[in-house]
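To start, the structure under review is shown below, and the notes come after it.
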Amino acid sequence: MNDMLLDGLLTQWKTERAPRPGDFSSNASFERRFFTAVRIEKQKRPRKAPRPSDLVNLIRKLRPAFEPSERVCASFSLPPAAMAASRIHCCCSAAPGLIGGLFDDAPVPGSAPVFDTEEYKTVGERPFVAVTTNPLSTFGADVDSAMYANLRRMVLKEDRLPPPEAVRLEELINYFGYDYPQPEGKAVMRPHFASGAAPWAPERRLLLIGVQTPVPDREKLPASHYVFLIDNSGSMDDVFPMVREAMTALAGNLRSGDKVSIVTYGGDVRVLLEGCSDVSTVCEVIAKLEAEGCTPGGEGIQKAYALAEKHFIPGGNNRIVLITDGDFNVGASSEAELVEMVKAKRDTGIYLTVAGCGMGNYKDNKIKMLANKGNGNAFYLDSMREAKRVFVHGMTGNMYALARDVKFQVEFNPAQVFAYRLLGYELRDMTDRDFSDDKKESGTVGQGQQLTALYEIIPADAAASVKNAAVPKMPPLKYQTASASGSEELLTFRIRWREPQGKKAAREEAFSVPGLPPEDENWNWAAAVAEAGLALRSSAFAPAASLKHAAKQAQQHLGEDPSGDRAEFLLLLRRAAELSR
Amino acid sequence: MDEIEMRFQRLCREELSYLRGGVFRIVGNAADTDDVIQEALLRAFRRAGSFRGDADLRSWVYRIAVNCAFDLLRERKREAEAGRQYAETASEKDEKTEKRLAELEKAVSELPELYREAIVWGCLADLSGSEAAARLGCSENTLYQRVFKARQMLKKAMTQKEVAR
């Protein structure tokens, strides 16, 4: 490529792709359209600028422990959890400087804080744990990626940083595809290990554990019955076109023998389609969907389970796909009741996939909890692209279960590792003895899926140099010696799971890792994502983590990126880095 | 109409046709072009209080418009070129040039923000060098330097693609 050729191409671009005179509507009509949009924007934006007294009352209600005199000062430095509790995280996390403005009587122009009603379950960070006292680390499988799409919406569409508690590391890491080796023979899962120096603290090691399940042959998959449970309440109005598209895309992928039922709940619960296997009828019904009314969510879910049971395919894939913004505001909507019902159905072999959508009303915690209790997974649909990713490209993994109650346990060798910290998976926390207790439920893994977990570890030989890391001090144990000392093994990784259906006993497999595994491209990418996640969470354990550095690393290790997901993440990181300045 | 809205009205009247010229060459049809520009203006409107002056606001809109345009391009990548309605030109379409042009477009979309906007407003839109520089809030000289650097990056990227082929 030389200058002349480049010049030629640029000129060609400029001349051939110029707009023609008649292409555009008049300037005046553009202006009219724009100012209509501005009016709408103005109506929905500032809502109500809260007065200082409102905020103080709010905090008083939520944090009864505060002394009256402390209230206002304390609110300048509330911990993130309290910020979340008082639901003012939007303005607090996006621009810490604004908080002061809240307490002036006159609202700062252009910075009126927006109270949003999005809810996130607050998850604290896991601390470092010393191997001598706690050699076992146990967690449940979780391959949801709802949070990532939500993050993308906030950063790229709404120009704001997410509240730290909305960032879930395991979901961020698991959003991306990795190049793990396939399981051999009849193996159900195959682990892959890699490690390197943690980018935010080079004296610590970052250990990657990736698990791959076999990619299925689409033709050999069991028949499916999907019950679409669609929230068509008024709050879903904006996203309905996308919902329609997503479902049409999925309907196009049905195979003979597959069946579809559609239930909507808006003004009332309605069954639009029951056990239908004709794709064109399905598409017709989908095309007519419209948003209306308010939301008796509980009733809709009951109806969906009733249909799923009625048309149950023995040995098949029986699944309810709930599409909602989670705003169950009428009827049996207390969280506890819903969860109890969904939980009671988990042994029937009916799975629940929850796809969240919508803005402002989005109830992340409710959606995630429902999916977790219903043996399923949760997604957030923020765009047509994401909807297709979930319903079409990721259909085998997302819709066909391979194993349930999947649990992982890592046993570290104290001779090699001084302390460790699992990144993310806070909502899937388990005690060590739950691992072998089959009554304790856990997440589901689908076919052709991948699962990635990251540990930050402090090697035994580096223990002295990281005394100040947040490893809780324990008295030296008198009777326990590092029994495996002398052994070169780093750790043993155990997987335990049950068949997707039936009551058969769980199976367990163990893999030992001889020493610190080398870095690879999977690790490089995961490390960049983890650093970004820690920076977004303002992690206390990684103050050096920076979005800028993460973006640089991510750029270097984009790899082939056939889906474009990684490139998009890079864009998101750069934007987030700008916003955080 | 308040003071801020007046500012936006002025901006629309003075800049719309230039904005359309640049964005159209990226997204390829009038409807998407107007959507992109409206989105950019709305984003600016949301933070209207934080701009120092009209020039500041204007450069921001020019910058965001390019970002929005390439975002849109990326979103519909999968749906191929369905959205494009460029005029058929008399010159015969030879496949090799078409392919090169597509590669160039991709290379431009991958440039860092600063250089990408220099190429779009400095080379592709209907603005002279000094006009473009004023809109991007930099000196003409700086703009030329950025265009120069951008061209080097483009050449490099295109050469790599040629080698890969």
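The values are calculated or read from the model by the stated rules, or taken from the named source; none is laboratory data. Just so you know, these numbers come straight off a predicted model, no measurement behind them. Here Cβ is always computed from backbone atoms with ideal geometry, including for glycine, and neighbour counts include all displayed protein chains. Just so you know, the surface numbers come from the protein's heavy atoms only, side chains and all, with ligands and any DNA or RNA stripped out. Shrake-Rupley method; radii C 1.70, N 1.55, O 1.52, S 1.80 Å.
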Sorted by accessible surface (1.4 Å probe, heavy atoms of the protein chains only), largest first, A:LEU272, B:LEU124 come out as A:LEU272, B:LEU124
Taking θ = phi - 60°, what integer Hz values does the Karplus form 6.51 cos²θ - 1.76 cosθ + 1.60 yield along segment A:160-177, in sequence order, with x for Gly and Pro?
9, 7, x, x, x, 6, 7, 8, 10, 4, 5, 6, 4, 5, 7, 5, 8, x
How much of B:GLU140 can a 1.4 Å solvent probe reach, expressed as accessible area in Å² and rounded to 10?
80
Total charge of the residues flanking A:GLY300 in space, meaning their Cβ is under 12 Å from its Cβ, with Lys and Arg +1 and Asp and Glu -1, is -1
A:LYS42 versus B:GLU140, label points 7 Å from Cα toward the beta carbon: distance in nm?
4.0
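State which entries of A:LYS157/B:LYS161; A:LYS288/A:LYS343; B:LYS106/B:LYS156; A:LYS186/A:LYS388; A:LYS345/A:LYS503; A:LYS42/A:LYS388 exceed 21 angstrom in Cα-Cα distance in the structure shown. Each step should come with its number before you reach the end.
Working: A:LYS157/B:LYS161 32 Å; A:LYS288/A:LYS343 32 Å; B:LYS106/B:LYS156 13 Å; A:LYS186/A:LYS388 30 Å; A:LYS345/A:LYS503 14 Å; A:LYS42/A:LYS388 33 Å.
Over 21 Å Cα-Cα: A:LYS157/B:LYS161; A:LYS288/A:LYS343; A:LYS186/A:LYS388; A:LYS42/A:LYS388.
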Give me a comma-separated list of calculated 3J(HN,Hα) values for segment B:110-126, in order, Karplus coefficients 6.51, -1.76, 1.60 applied at θ = phi - 60°, integers in Hz, x for any Gly or Pro.
8, 5, x, 2, 4, 7, 5, 5, 4, 5, 4, 7, x, 10, 9, 7, 8
With the dipole of segment B:1-79 defined by +1 on each Lys or Arg Cβ and -1 on each Asp or Glu Cβ, the option from B:MET1, B:TYR18, B:LEU72 whose Cα lies farthest towards the positive pole is B:LEU72
Relative to the Cα centre, what is the charge dipole magnitude of segment B:94-165, using +1 at the beta carbon of each Lys and Arg, -1 at the beta carbon of each Asp and Glu, and rounding to the nearest 20 debye?
360
Exposure of A:THR15 as accessible area (Å², to 10), given a probe of 1.4 Å and all protein chains:
90
Mind giving me the nanometre distance, one decimal, between the label points for A:THR348 and A:CYS283, set 7 Å out from Cα along Cα→Cβ?
3.2
